[in-house]
1. Rounded to the nearest Å, what's the spacing between the alpha carbon centres of segment 124-198 and segment 79-93? Just the number, please.
2. Nearest 500 deg cm²/dmol is fine: what mean residue ellipticity at 222 nm does the chain get from its DSSP H runs of n ≥ 4 alone, each adding -39,500 (n - 2.57), divided by its residue count?
3. Would you work out the charge dipole size for segment 102-260 about its Cα centre, treating the Cβ of every Lys and Arg as +1 and the Cβ of every Asp and Glu as -1, and quote it to the nearest 20 debye?
4. Looking at this model, which pairs from Lys170/Lys214; Lys103/Lys242; Lys175/Lys223 are more than 20 angstrom apart at the alpha-carbon?
5. Excluding the sites themselves, what is the longest stretch of the chain that contains no GluC sites (Glu not before Pro) in a DSSP loop with at most 10 other C-beta atoms within 10 Å?
6. So what are the ³J(HN,Hα) numbers for segment 28-41, from phi and the Karplus equation (6.51, -1.76, 1.60; θ = phi - 60°), rounded to whole Hz, Gly and Pro as x?
7. Ignoring ligands, DNA and RNA, please state the percent of accessible area on segment 1-149 from carbon and sulfur, probe 1.4 Å.
8. I'd like to check one number: the per residue accessible area of the chain, probe 1.4 Å, reported in Å² as a whole number.
Amino acid sequence: MKPVSIGIIGGGLMGREIASAFARWCALTEINVVPQLVSVADLNPAALEWFKHIPSCTQRTADYRELLANPAIDVVYVAVPHDQHETLYKDVLLAGKDLLAEKPFGIDLDSARRINAVVEQSGRFVRCSSEMPFFPGAQRAFRYATSGALGRVLEVVSGFHHSSDLDPNKPANWKRWSAQCGEGGALNDLGMHACHIPLRLGWKPHSLFAQLQKGYATRPDGKGGSVACDTWDNAQLHTWTKIQGQDVPMRLEMKRLAPGATNTWFLELRGTEGGVCFSTAEPKTLWQFERGEEQWWKRTELGFGTAFKTVTGGIFEPGFPDVIQQMWAAYLLEREGLLNGRFGCATPQEAVASHEIFAAALLSEKEGRVVAL
Ligand SMILES: NC(=O)c1ccc[n+]([C@@H]2O[C@H](COP(=O)([O-])OP(=O)(O)OC[C@H]3O[C@@H](n4cnc5c(N)ncnc54)[C@H](O)[C@@H]3O)[C@@H](O)[C@H]2O)c1
């Protein structure tokens with residue numbers, strides 16, 4: 001087993017999730033790289049306190065520069081509010097470390113392009129976090145799309161829905177403020193998830209029309225008052241993409257106001273010969289279309305067919321912590337040159353391309369028109 005020393009900057013929701021994925025790395029059976037969390041940086045002392053649960057994590061600091069100065073660290077994972085992505089990602093690269101960056105890879109398109117320029121100059125190994133394609137059902141849908149079984153593609157729908165913003169009494173946090181989340185709001189929050197597989201398939205939109213909606217204009221501030229919220233909560237992007245020389249309608253959806261949905265990522269591909277649908281709402285179920293004398297939607301229970309094998313029983317069902325761990329397995333193996341054709345993490349180029357889509361969506365909303373990309 002080759003150890004890889006990791007530092008985490010931002011020990012909040014995602015920082016803790018990643019730390020717990022490392023802590024049960026023994027679940028992976030055919031992998032010769034093991035991440036060791038050695039350091040965490042967070043401005044919040046309570047966030048740092050939690051990392052005392054991780055024996056290997058001996059450096060806990062409020063100053064991320066101390067983490068970057070630690071010569072033992074090979075890879076840094078950064079999970080901080082979007083307004084800080086650019087500064088911190090560049091600092092990680094300038095410190096000579098590899099990076100797994102959280103989405104959206106900068107607060108806006110210009111920021112993403114500037115980060116990418118430093119990535120290219122640095123020569124470091126950099127990927128952007130997007131774990132949902134590592135669900136076995138998503139992997140199967142991706143392979144189905146590349147197999148040609150769809151025939152002529154008629155329609156693509158890719159999206160990510162949750163309902164966290166439906167409760168008007170939920171206190172505001174940085175994800176509801178443009179200054180920290182970015183003008184894109186739900187686009188920045190959820191867009192990489194919706195764009196990752198279409199972009200990997202080469203299905204970048206060449207034009208789009210965006211419908212963006214805001215939620216509650218004010219929310220409790222958590223201290224007895226209220227505070228203005230200004231980000232877009234829901235986005236439906238009606239796009240055209242070119243697939244095998246044909247224009248195909250592709251709908252990209254990102255919603256924080258989707259009644260009943262909790263972290264529901266979905267992909268629906270329909271063609272003249274076949275079709276495939278997967279949603280994390282039914283995490284082990286794959287739907288495939290077949291056309292013969294009659295037409296069938298066949299339902300398969302996939303079980304735990306992950307790309308990177310684990311001790312988990314093959315009939316068990318996968319979940320969010322599993323795909324986070326799978327994504328890290330992909331990151332660490334690709335970094336070693338051992339991905340061997342398996343699905344890799346989102347690249348900086350894909351992250352920039354997703355921002356090109358978000359920027360076009362904001363322009364479309366502002367001017368009420370179809371925008372060419
Ligand atoms: N991949 C996913 O599924 C997923 C899910 C949620 C969030 N995210 C992304 O992860 C990132 C963080 O989101 P979160 O939900 O974990 O946020 P969070 O608010 O829960 O945590 C962010 C942490 O960063 C810390 N922080 C802020 N500035 C810092 C600095 N300069 N130095 C050190 N620490 C600092 C905060 O104190 C906080 O603990 C965002 O980019 C978000 O879009 C990804």
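1. Comparing the Cα centres of segment 124-198 and segment 79-93, I get a distance of 20 Å.
2. Taken over the chain, the calculation gives -9000 deg cm²/dmol.
3. 380 debye
4. The pairs that break the limit, which is 20 Å between Cα atoms, are Lys103/Lys242.
5. The answer is 31-292.
6. Listing the rounded values in order: 7, 9, 10, 9, 10, 10, 10, x, 10, 6, 10, 8, 9, 10 Hz.
7. On segment 1-149, the fraction of accessible area on carbon and sulfur atoms equals 51 percent.
8. For the chain, the per-residue accessible area is 42 Å².
The values are calculated or read from the model by the stated rules, or taken from the named source; none is laboratory data. Values in this document were obtained by computation on a predicted structure and should not be read as measured data. Positions of Cβ are generated from backbone atoms using ideal geometry, with glycine treated the same way; all protein chains shown enter the neighbour counts. The area values use the complete protein model at the heavy-atom level, side chains included, leaving out ligands, DNA and RNA. Shrake-Rupley method; radii C 1.70, N 1.55, O 1.52, S 1.80 Å.
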